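Chemist: Submitted below is the structure of interest, expressed as structure tokens.
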Amino acid sequence: MGAATRLGSEFLPELNEGSVWLNVTLEPSVSISEAQLQASRIRALVRKTPEVEGVVSKLGRPEDGTDPKIASQIEALVDLHDDHLWTRGLTKKQVLAEIDQNLRTIPGISVTFSQPIRDNVLESISQIDGQIVIKVTGDDLGTLRSYGLTILTEIRGVEGVSRAFIDRDGQLPQYRIDIDRARAARYGLSVDAVQEVIQSALAGREVSYVWEGERRFAVTVRLSDAERSLSRVKEIAVATPAGAFVPLQDIATFQSTSGAMNIAREGGRRVLSIGVFIKDRDMGSVVKDMQKAVAKTVKLQQGYEIGWSGEFENQERAMARLAWVVPLSILIIFMLLFNAFGSLKNATLIIANIPFAMIGGILALYFTDIALSVSAAIGFIALFGQAVLNGVVMLSHFGHLRAHGEDVYDAVFRGSLDRLRTVLMTALLASLGLLPMALSTAIGAETQRPLAIVIIGGLITATLLTLLVLPTLYLWLHGSEDQAGRTEL
């Protein structure tokens, strides 16, 4: 039980895809030209590591708009040489640490390491970068940001959090133009008429079309960049119904301010998202510590909520299913055993193999420092069947010998010796067959290893139970039957 409580938990082990997906976040106000320069510097620094074969970077979002990134976000695919070509004897973890150290020489950037497929999966789960996503929902942007900054401060101090950030955070410069309805009405101008002039000057208006074969392109007219300064916009003339012209500054107030870069909504409510990447610690323990830190400090007003999403949401969903799938499997096995043996005692004895098998699987995960995941949970379910099989083999032979006239003690003693080879061969067949999977370090082995280690470790304790404890318990439960028979005679 002590080892079980110390086991970490995660959704699935991280696969080694053989390449690295680099996410770099610059300052939100960075210009396109400066971002391009930084992308070039990043590629040069990454190539300094000998294990890197090539680097391809992407700035902002693609032309088809399938990946909604802003200009301050750089993504780079880092292709690594095959492991056998690495001459310095470093692990992938050490290679990434070296790349990270080189990139830290660029001030003002935030770097996260992921993998191509993993990055796409994470974004498809919650549409936000991050293994864990904390979502704060409410109505007021200022309040949401205040809560977000408080949460960010608390979780950054949690062990295992390598990077935490507010999604698309930052302020963008804006012109705020407030139309004075009373003054506009004195000139006979409606709000719509004034807004149309402003939109035409700043955003542009379609005035014609250009055809190239079957393709049509709109021709838009707007003020040039030099004419779009705040001082020039104030002087734009608005035509009144009477044929006069009035400067825009006479019917509106102007202010240069800043506004939120991103206003996201989910379920019809405003939401602020915080992405979290973890490192060198299991996800379940990190989330538990973050939830404690947030609950201790953040007191939400009425109408505001905190949700935990990302991989953690998938993990909770999977473990919730397993919470009833595993007991249901054990119940079905017990019913089949009772139907086969017609004895509650024998069915209970065989089911007793399952806890002993679980002990071995848990200890195997604990000593190999592997977290409990969906892969390991599937291994436990497979282990139950193997453990029950050995018990069925042993008890069915005991019953066969007793049916041929042997007493309980002789049946247990002889039956244990007769089935010793069968039980050992069954356990060794499964264990040795899974041993290469447990020791593999090839691509894809990360999801296979927990399953194999659980089954191998569980079979060790389950086999010991079948050979030593199960015969003893059988003799203890059925020994009185022979005594009763002799008394009657």
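The values are calculated or read from the model by the stated rules, or taken from the named source; none is laboratory data. Given the structure is predicted, the values throughout are model-derived calculations rather than measurements. Neighbour counts run over all protein chains shown; Cβ positions are idealised from the backbone, glycine included.
Chemist: Name the residues in the range 124-168 that are acidic (D, E) and within 22 Å of E27 (Cβ to Cβ), would you?
Modeler: Scanning the range 124-168 gives D129, D167.
Chemist: Within the range 41-61, track down each residue that is touching a strand residue (DSSP E or B) at 6+ places or on another chain (Cβ under 8 Å) and either exposed (fewer than 13 other Cβ atoms within 10 Å of the Cβ) or under 20 Å from M261 (Cα atoms) (or both). Walk me through it before giving the result.
Modeler: Keep residues of the range 41-61 that are touching a strand residue (DSSP E or B) at 6+ places or on another chain (Cβ under 8 Å), which gives 42-43, 46-47, 51-60.
Result: V56, L59, G60.
Let's see how each residue does on (1) exposed (fewer than 13 other Cβ atoms within 10 Å of the Cβ); (2) under 26 Å from S72 (Cβ atoms); (3) among the small types (G, A, S):
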{"site": "L149", "(1), (2), (3)": "no, yes, no"}
{"site": "I166", "(1), (2), (3)": "no, yes, no"}
{"site": "Q174", "(1), (2), (3)": "yes, yes, no"}
{"site": "I198", "(1), (2), (3)": "no, no, no"}
{"site": "A201", "(1), (2), (3)": "no, no, yes"}
{"site": "E214", "(1), (2), (3)": "yes, no, no"}
{"site": "V221", "(1), (2), (3)": "yes, no, no"}
{"site": "A237", "(1), (2), (3)": "yes, no, yes"}
{"site": "P241", "(1), (2), (3)": "yes, no, no"}
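Chemist: Of everything in the range 23-41 that's in a strand (DSSP E or B) and out of contact with any helix residue (DSSP H, G or I) (no Cβ under 7 Å at 6 or more places or on another chain), which residue is nearest to I99 (Cα to Cα)?
Modeler: Within the range 23-41, the match that is nearest to I99 (Cα to Cα) is N23.
Chemist: Based on this model, can you work out whether T426 counts as closer than 11 Å to A364 by Cβ, out of contact with any His (no Cβ under 6 Å at 6 or more places or on another chain) and hydroxyl-bearing (S, T, Y)?
Modeler: The answer is no for T426.
Chemist: Consider L141 against the criteria (1) farther than 17 Å from M261 by Cβ; (2) surrounded by fewer than 18 Cβ atoms within 10 Å (Cβ to Cβ); (3) of a type in the set (A, V, I, L, M, F, W, C): it satisfies all of them except one. Which criterion is unmet?
Modeler: (1)
Chemist: From R205, R281, which residue is surrounded by 13 or more Cβ atoms within 10 Å (Cβ to Cβ), modelled with pLDDT under 85, in the same structural domain as A184 (by TED's automatic domain parsing) and not small (G, A, S)?
Modeler: Answer to the check: R205.
Chemist: Additional query: Considering each residue of the range 167-179, count those that are in contact with a strand residue (DSSP E or B) (Cβ under 6 Å, 6 or more places away or on another chain) and assigned to a loop (DSSP other than H, G, I, E, B), and give that number.
Modeler: Qualifying residue count, the range 167-179: 1.
Chemist: Something else: Can you report the number of residues in the range 80-93 which are surrounded by 13 or more Cβ atoms within 10 Å (Cβ to Cβ), outside any loop (DSSP other than H, G, I, E, B) and either modelled with pLDDT of 80 or more or basic (K, R) (or both)?
Modeler: The total comes to 2.
Chemist: Say we look at the range 397-428 and pick out the residues that are among the polar types (S, T, N, Q) and in contact (Cβ under 8 Å) with a residue 40 or more places away in the chain; which of these is nearest to A382 (Cα to Cα)?
Modeler: T426
Chemist: Among the residues that make up the range 65-87, is at least one of them over 27 Å from the mean Cα position of the chain (by Cα) and among the charged types (D, E, K, R)?
Modeler: no
Chemist: Under 8 Å by Cβ, and 6 or more places apart or on different chains, what pairs join a residue from the range 194-214 that is in a helix (DSSP H, G or I) with one that is among the hydroxyl-bearing types (S, T, Y)?
Modeler: Going by the 8 Å Cβ cut-off, the qualifying pairs are L202/Y175.
Chemist: When you check R265 against the structure, is it in contact with a Phe, Trp or Tyr (Cβ under 9 Å, 6 or more places away or on another chain) and of a type in the set (K, R), yes or no?
Modeler: No: the conditions fail for R265.
Chemist: Provide a single number: the residues in the range 394-411 that are surrounded by 15 or more Cβ atoms within 10 Å (Cβ to Cβ) and in a helix (DSSP H, G or I).
Modeler: Adding up the residues that qualify gives 10.
Chemist: Here's a follow-up. Quick one: which residue in S431, S375 is in a helix (DSSP H, G or I), buried (at least 19 other Cβ atoms within 10 Å of the Cβ) and without any contact (Cβ under 8 Å) to a residue 40 or more places away in the chain?
Modeler: Details: S375 fails: without any contact (Cβ under 8 Å) to a residue 40 or more places away in the chain.
Only one candidate qualifies: S431.
Chemist: While we're looking at this one, here's another question. Every residue in the range 148-177 that is more than 17 Å from the chain's Cα centre (by Cα) and under 30 Å from A203 (Cβ atoms), please. Can you show your working first?
Modeler: So the first thing to find is which residues in the range 148-177 are more than 17 Å from the chain's Cα centre (by Cα), and the list is 148-154, 156-159, 168-177.
Selection gives R168, D169, G170, Q171, L172, P173, Q174, Y175, R176, I177.
Chemist: Could you tell me whether any residue of the range 229-239 is in contact with a Gly (Cβ under 9 Å, 6 or more places away or on another chain), outside any strand (DSSP E or B) and polar (S, T, N, Q)? First the steps, then the outcome.
Modeler: Residues of the range 229-239 that are in contact with a Gly (Cβ under 9 Å, 6 or more places away or on another chain), as a first pass: none.
Scanning the range 229-239 turns up no residue that is in contact with a Gly (Cβ under 9 Å, 6 or more places away or on another chain), outside any strand (DSSP E or B) and polar (S, T, N, Q).
Chemist: Sticking with this structure for a sec: Check off (1) touching a residue at least 24 places away in the same chain (Cβ under 8 Å); (2) assigned to a helix (DSSP H, G or I) for A242 and give me the number that stays unchecked.
Modeler: So the condition that A242 fails would be (2).
Chemist: For the range 384-395, does any single residue satisfy the condition of being free of Cβ contacts under 8 Å to residues at least 24 places away in the same chain, within 21 Å of M319 (Cα to Cα) and within 32 Å of the chain's Cα centre (by Cα)?
Modeler: Checking the range 384-395: not a single residue is free of Cβ contacts under 8 Å to residues at least 24 places away in the same chain, within 21 Å of M319 (Cα to Cα) and within 32 Å of the chain's Cα centre (by Cα).
Chemist: Also: Quick one: count up the residues across the range 297-335 that are loosely packed, with under 14 Cβ neighbours inside 10 Å and without any contact (Cβ under 8 Å) to a residue 24 or more places away in the chain.
Modeler: Within the range 297-335, residues that are loosely packed, with under 14 Cβ neighbours inside 10 Å and without any contact (Cβ under 8 Å) to a residue 24 or more places away in the chain number 12.
Chemist: A further question on this structure: Kindly provide the set of residues from the range 101-127 that are at pLDDT 75 or above, crowded, with 18+ Cβ neighbours inside 10 Å and hydroxyl-bearing (S, T, Y), ordered by number.
Modeler: Correct list: T112, S114.
Chemist: Considering only the range 74-99, how many residues are acidic (D, E) and more than 12 Å from R47 (Cα to Cα)?
Modeler: Matching residues across the range 74-99 total 3.
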